[in-house]
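As C-alpha cells, the structure follows; a few thoughts come after it.
Values in this text are rule-based calculations from the coordinates and carry no lab data. These numbers were taken from a predicted model, which means no experiment stands behind them. Backbone-built Cβ (ideal geometry, glycine too); neighbour counts: all protein chains shown.
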Amino acid sequence: MKKAILTIAIAVMGLTAAFAQDTTKRVRKQMPKMTAEQRAEKATARLEKELSLTADQKTKIYAVELENAKKIDTWRSADQGDMKGKMKDRKESMQAQKAKIDGILTAEQKTKMEAIRSEAREKGDRMRKGMGKGKREKPPVVSNPPTQG
C-alpha cells in the first residue's frame, strides 16, 4: 500500500512539473492564403478608406495592385537562386508601383499617402530593431566590484 501511495505521489509531482512549464509563448497566427485578386481588392479597399478615393481612382488603383499582386505570385513561385538580383528587380517594381499610384492620386491624397508610407517605415524600423532581442534583463551594475588578489 505504501508503494502505491508513493508511486502516485511521484507521478503527481512529475505531472505538476511537466504542466508548470512556461507556455506564454505566442503562437504566430497563420495568415489565410489569398489570391492575387483578393490581395488587390484588400489593398484597394484600405486605400479607398484612408484616402477617400473616387470610383475612377478605385478602378485604376485596383488594376495597379492586381498587376503587383500577380508579379509577387510569380516571384514566390520562382526558385530562390540569385536573391540579390531578385531584390533589385522587386525594389524597382515597388518604385514603379509607387509612381503609378502617385500619378492617380490628387495632391491632397498624395500627402496623406506619404504620411501613411512614413508611418509604415517607422513601424518597420521599430520591428527590425526589436527582432532577436527578446526581453533580456541587463546584468546588475556593481559600483564597487570585488578586487582579485
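Which residue pairs have Cβ atoms under 8 Å apart, sit 6 or more places apart or on different chains, and have a first residue in the range 42-54 that is hydroxyl-bearing (Ser, Thr, Tyr) and a second that is in a helix (DSSP H, G or I)?
Thr44/Lys58; Thr44/Ile61; Thr44/Tyr62; Thr44/Glu65; Ser52/Gln109
Go through the range 44-59 and give me each residue that's in contact with a Leu (Cβ under 9 Å, 6 or more places away or on another chain) and in a helix (DSSP H, G or I). Spell out the reasoning first.
Residues of the range 44-59 in contact with a Leu (Cβ under 9 Å, 6 or more places away or on another chain): 44, 47, 51, 53, 57-58.
If the condition is that a residue be in contact with a Leu (Cβ under 9 Å, 6 or more places away or on another chain) and in a helix (DSSP H, G or I), then Thr44, Leu47, Leu51, Gln57, Lys58 are the ones that fit.
I want to confirm something. Restricting to the range 43-102 and keeping residues that are of a type in the set (Val, Ile, Thr) and exposed (fewer than 15 other Cβ atoms within 10 Å of the Cβ), which single residue is farthest from the chain's Cα centre (by Cα)? I'd like the intermediate steps shown before the answer.
Here is the first cut: in the range 43-102, the residues of a type in the set (Val, Ile, Thr) are 44, 54, 59, 61, 64, 72, 74, 101.
Restricting the remaining residues to those that are exposed (fewer than 15 other Cβ atoms within 10 Å of the Cβ) gives 54, 59, 72, 74.
Values: Thr54: 30, Thr59: 27, Ile72: 16, Thr74: 21 Å.
Looking at residues that are of a type in the set (Val, Ile, Thr) and exposed (fewer than 15 other Cβ atoms within 10 Å of the Cβ), I get Thr54.
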